[in-house]
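Before any comments, here is the structure.
The values are calculated or read from the model by the stated rules, or taken from the named source; none is laboratory data. All values reported here derive from a predicted model rather than from experimental measurement. Using ideal geometry, Cβ is built from the backbone for each residue, glycine included, and neighbour counts are taken over all protein chains shown. Only protein heavy atoms, including side chains, enter the accessible area calculation; ligands, DNA and RNA are left aside. Shrake-Rupley method; radii C 1.70, N 1.55, O 1.52, S 1.80 Å.
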Protein chains: 2
Amino acid sequence: MSDTATNAEDRGRRPLSVTGEADLIAALVRRLPQAASVLLGPGDDAAVVTAPDGRVVAACDVLVEGVHFARSWSTAYDVGRKAAAANMADVAAMGAMTTGLLVALVAPDDLETSWALELADGLADEAGLVGASVVGGDVSRGPCVVVAVTALGDLNGRAPVTRGGARPGDVVALCGTTGRSAAGLAVLERGFGSPRALVAAHRRPSPPYASGPAASDAGATAMVDVSDGLVSDLGQLARSSGVTIEIDKADVPLDPDVASLASAYGRVADEWLFTGGEDHALVATFASGAALPDGFTAIGRVRVAQAGEPTVLVDGREWSGRTGHRHWG
Amino acid sequence: MSDTATNAEDRGRRPLSVTGEADLIAALVRRLPQAASVLLGPGDDAAVVTAPDGRVVAACDVLVEGVHFARSWSTAYDVGRKAAAANMADVAAMGAMTTGLLVALVAPDDLETSWALELADGLADEAGLVGASVVGGDVSRGPCVVVAVTALGDLNGRAPVTRGGARPGDVVALCGTTGRSAAGLAVLERGFGSPRALVAAHRRPSPPYASGPAASDAGATAMVDVSDGLVSDLGQLARSSGVTIEIDKADVPLDPDVASLASAYGRVADEWLFTGGEDHALVATFASGAALPDGFTAIGRVRVAQAGEPTVLVDGREWSGRTGHRHWG
């Protein structure tokens, strides 16, 4: 190993309190590639990003150590990928593509500097999947790691697809899988590290970013990303739209890895499938008869709200048990 | 007091863990007025805000309990005002006006619900000073209160004023005061509550938002807001521009309240004036001979960096002692 590499490694092991804010920010800025859509990147009072159609989409999502992730279960790089993905999926669910991320990092004094740098790498790599960049942020000491991300996005002339546009008669369709992240968490909670594909799905979700704009182009009437759980997030859509949503259980794709794990653990996969969050699948509604865009599978339909009470029914019944992850819920 | 008012008060005293995420978000959304520049406000996957000239300015600043504020010294409303102000001043320092704020709130389970609602009121009221709105956010439980704000802004066709454009011969000019927030903190640290004007300045800074765009229109070559301290923030500007900045101490406005307090406490006001942050004054450079916009006072000049070392000199000497507030610094 060269002296330079050794020195870099030594610097990486330093706690943030020794590295200092100025050197940390300088190191972070050096590591963050900037796409052409960024007119002014990190290092000034603010960033400037193109907003080609005169509007900007903005979503905000915060991850807290001990609540959303554990440093013993996820690398800094994984946390970066996951924090970016959660926000970029929200942007996709509006029918937009992410252009830039801003990141507030709170961290304990004794956190190794390399942890912050690898977090930035994860954020930048996930953003890079859609040609976006980490354009700004802030750092502060604090009692645990908090990663608060704001994603900016471009609708490219489209109307935003809200949660409130579903109409009775619409088809409900899912793009991406549900339950993989929750199944991966169950693996980690038992102290295991495999099946690796499920653990990886928990650490780094793979939202179908391009399918958000595609759904919008195909006429999606409402859309949401599955961050809390399919029943929970469809519940939000049902309430915003004032409708009832009926899901046909047999039509919800059962991921083979999730099915195998359920079998191995002697349980049914339903809870993972219907209440597991953080896979960031997209679920949207389309007018009946519309051609569904690639990757979307019909899983149910929209009905007039029964007795005026918007709700979600699975095979005709309300979901019993917990519906998804809610803080303070 | 009516039953309704009593019930509202009772609900406000509930800890967040009892109120629950869904009810908290619903209560926050109800409280947040939305300006016409907001095409889609809080409550969906993302917000949509106008970006009239095809670009968006974005700044990010995080406040952590125990680091940036104490709940015993500042009300929730004050913290909201201050968190918004820190970000909106960054946007102003680019020559832009804030259009929207996104806010990630991390809070302990036992925080009273009213604290979160009053924080939102403070954020909304500060944003309202420039016609901006709180357009989105996220909430999570965590070990202490963290308020991470991202401000979006509109340049209205202007080029952004960076930290890097100061040129030898330029005049350095200050708009707003320095030292009031630091002096107010010194009052609180002694366990006092007056002079009230200084304590209020610490709790709620009053950045000169309109003076950022005005400075840009007057040809400012570089600009920064004083968030860490005058010497520290001018140091950033000097390094970004590759210049030396000379400040004439006698020309830096000495706030009368700060002067009185220094006299009462038997100390000189210089440290508050030159190293006190969080007042969010604007400091900018202008070509020699340019007419300074209203509110700006010349305090020095830009020189060629001595021996290639960009620095800040006060009356010809490097500032001795601490230069401002730096985490891990």
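Based only on Cα atoms, what Rg/Rh ratio does chain B have, Rh being taken as Kirkwood's radius?
Details: Rg = 20.7 Å, Rh = 20.7 Å.
On the Cα set of chain B, Rg over Rh gives 1.00.
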query: Given label points at 7 Å from Cα along Cα→Cβ, what nm distances, shortest first, separate A:ARG71 from the same residue in every other copy?
result: 2.4
message: Can you tell me which of B:GLY266, B:GLY219, B:GLY184 moves the most in a GNM of chain B? Springs connect C-alpha atoms under 10 Å apart.
response: B:GLY266
message: For the protein assembly as shown, give me the percentage of DSSP beta bridges that are antiparallel, rounded to the nearest 5 percent.
response: 80
- line: Of the candidates A:ALA132, A:VAL187, A:VAL106, the farthest towards the positive dipole end of chain A (Lys/Arg Cβ +1, Asp/Glu Cβ -1, centred on the Cα centre) is A:VAL187
- prompt: Using a label point 7 angstrom from Cα along Cα-to-C-beta, what distances in nm, from shortest up, separate B:ARG31 from the other copies?
  reply: 3.6
Largest-first principal axis extents, alpha carbons of the protein assembly as shown, Å: 79, 74, 45
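If you average the sequence gap of Cα pairs under 8 Å that are 6 or more apart and divide by the length of region A:190-321, what percent do you get for the contact order? Can you show the working numbers first?
On the way: 180 pairs, mean separation 55.4, N = 132.
Reported as a whole number, the value is 42 percent.
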statement: GNM on chain A, Cα springs under 10 Å; top mean-square fluctuation among A:ALA173, A:ALA86, A:ALA307 goes to A:ALA307
- line: Counting only protein heavy atoms and leaving out ligands, DNA and RNA, the solvent-accessible surface of B:THR297 at a 1.4 Å probe, in Å² to the nearest 10, equals 60
query: Which percent of the accessible heavy-atom area of region A:1-121 goes to carbon and sulfur, probe 1.4 angstrom?
result: 52
statement: Between chains B and A, total accessible area buried, probe 1.4 Å, no ligands or nucleic acids, nearest 100 Å², roughly 5000
message: Label position 7 Å from Cα toward Cβ: report the copy-to-copy distances for B:LEU129 in nm, one decimal, ordered from shortest.
response: 4.0
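Put B:GLU246, A:GLU118, B:GLU21 in order of accessible area, largest first, 1.4 Å probe: what do you get? Before the final figure, lay out the partial values.
Numbers: B:GLU246 45, A:GLU118 80, B:GLU21 20 Å².
Correct descending sequence by accessible area is A:GLU118, B:GLU246, B:GLU21.
When only C-alpha pairs under 8 Å and at least 6 residues apart count, what is the relative contact order of chain B, in percent? Display every interim value, and only then the final one.
Numbers: 774 pairs, mean separation 68.8, N = 329.
Result for chain B is 21 percent.
If you place +1 on the Cβ of every Lys and Arg and -1 on the Cβ of every Asp and Glu, how big does the dipole about the Cα centre of region A:149-240 come out, in debye to the nearest 20? Working shown, then result.
Values: 9 positive and 7 negative charges, 51 e Å.
Once rounded to the nearest 20, the dipole reads 240 debye.
With a 1.4 Å probe and every protein chain left in place, work out the accessible area per residue of region B:1-67 in Å², rounded to a whole number. Kindly include the intermediate steps, with their values, before the conclusion.
Numbers: 3180 Å² over 67 residues.
For region B:1-67, the solvent-accessible area averages 47 Å² per residue.
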statement: Counting only protein heavy atoms and leaving out ligands, DNA and RNA, the solvent-accessible surface of A:CYS60 at a 1.4 Å probe, in Å² to the nearest 10, equals 10
message: Angle check, please: helix A:21-31 long axis (alpha carbons) against the longest principal axis of chain A (alpha carbons), in degrees 0 to 90, nearest 10.
response: 60
- prompt: Taking the DSSP beta bridges in region B:102-221 as the whole, what percent of them are antiparallel, to the nearest 5?
  reply: 45
- prompt: Taking springs between alpha-carbon atoms closer than 10 angstrom, which of A:ALA85, A:ALA200, A:ALA96 fluctuates most in the Gaussian network model of chain A?
  reply: A:ALA200
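In Å², and per residue, what accessible area does region A:182-329 have when probed at 1.4 Å with the other protein chains present?
Values: 6320 Å² over 148 residues.
Computed with neighbouring chains in place, this is 43 Å² per residue.
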task: Could you let me know the centre-to-centre spacing of region B:211-237 and region A:242-307, using Cα atoms, in angstrom?
output: 53
query: On average, how much area does the Cα convex hull of region B:1-78 cover when viewed from any direction, in nm²?
result: 8.3
message: Ordering A:THR75, A:THR285 by accessible area with a probe of 1.4 Å, largest first, what comes out?
response: A:THR75, A:THR285
- request: Calculate how steeply helix B:76-92 sits against the longest principal axis of the alpha-carbon atoms of chain B, using the helix alpha-carbon long axis, and give the answer as 0 to 90 degrees to the nearest 10.
  value: 40
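Cα gyration tensor of region A:57-194, axes a ≥ b ≥ c as square roots of the eigenvalues: rounded (a/c below 1.5), prolate (a/b > b/c) or oblate? Working shown, then result.
On the way: a/c = 2.33, a/b = 1.38, b/c = 1.69.
Verdict is oblate for region A:57-194.
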task: Keeping all protein chains in position, work out how much accessible area A:ASP279 exposes to a 1.4 Å probe, and write it in Å² to the nearest 10.
output: 20
